[in-house]
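First up is the structure itself, then whatever we jot down about it.
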Amino acid sequence: TLFRAQLGDHTKPSTLEEEIQLAQDYLSIEQIRMGHNRLKTKWRIKAPGDTLTPSLLLQPLLENAVYHGIEPLRSPGVISTSVIRVRNWVYITSSNPLPDKPNLERRKGNNMALQNLSERLALMFDQDAVLSSEIKEDKYLTKIRIPYRSARVEAVKNYVEQKEKRENLIKQQGKTEI
């Protein structure tokens, strides 16, 4: 699943359920690689699985959390991910521990994953999506806000639009043949 997602078409939307499954699969691989005692995960999911999202929404964030947060630690660490729907918004928060100061400087990233995700969010949701990151106490936090859009409702809307287009095309073709 993870390999297929990495090679897939990132312009096509995904669902929150698919993105959570992909992220959990990724973290399971990392737990095997690093050891279950070294990498702990906590999930809080209170949002519909059919929420439309850009593809590769969570996995790159969690990959950063492993690389920048867990790997440099001498002790076990926890990556926490919260996904909550409040009215018409879905809020996603990921947190990971910060390494000690020398490791923090050595592992400083170039924010490419955040920039790529920000672009995908803007393409899908325009100004409605918000992505931010901050250091709070001894944690690195990434926060995302997206509008709740049901994949099922969007699929029905697309079907109706396509049907109307076909009907209009048939009408236009009928008029030109007369």
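Overview of values
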{"read-out": "When each of LYS46/LYS163; LYS12/LYS143; LYS143/LYS165; LYS46/LYS165; LYS12/LYS171 is checked by Cα-Cα distance, pairs over 29 Å", "value": "LYS46/LYS163; LYS143/LYS165; LYS46/LYS165; LYS12/LYS171"}
{"read-out": "Segment 36-154: Rg to Rh, with Rh as the Kirkwood radius over Cα pairs", "value": "0.99"}
{"read-out": "Total formal charge among the other residues, if their Cβ is under 12 angstrom from that of ALA151, Lys/Arg +1 and Asp/Glu -1", "value": "-1"}
{"read-out": "Amide H contacts of THR53 (H built 1.01 Å from N, under 5 Å, at least 5 apart or other chain)", "value": "SER14, THR15, LEU16"}
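Every number in this text was worked out from the coordinates using simple rules, so none of it is lab data. Just so you know, these numbers come straight off a predicted model, no measurement behind them. Note: ideal-geometry Cβ built from the backbone for every residue, glycine included; neighbour counts use all protein chains shown.
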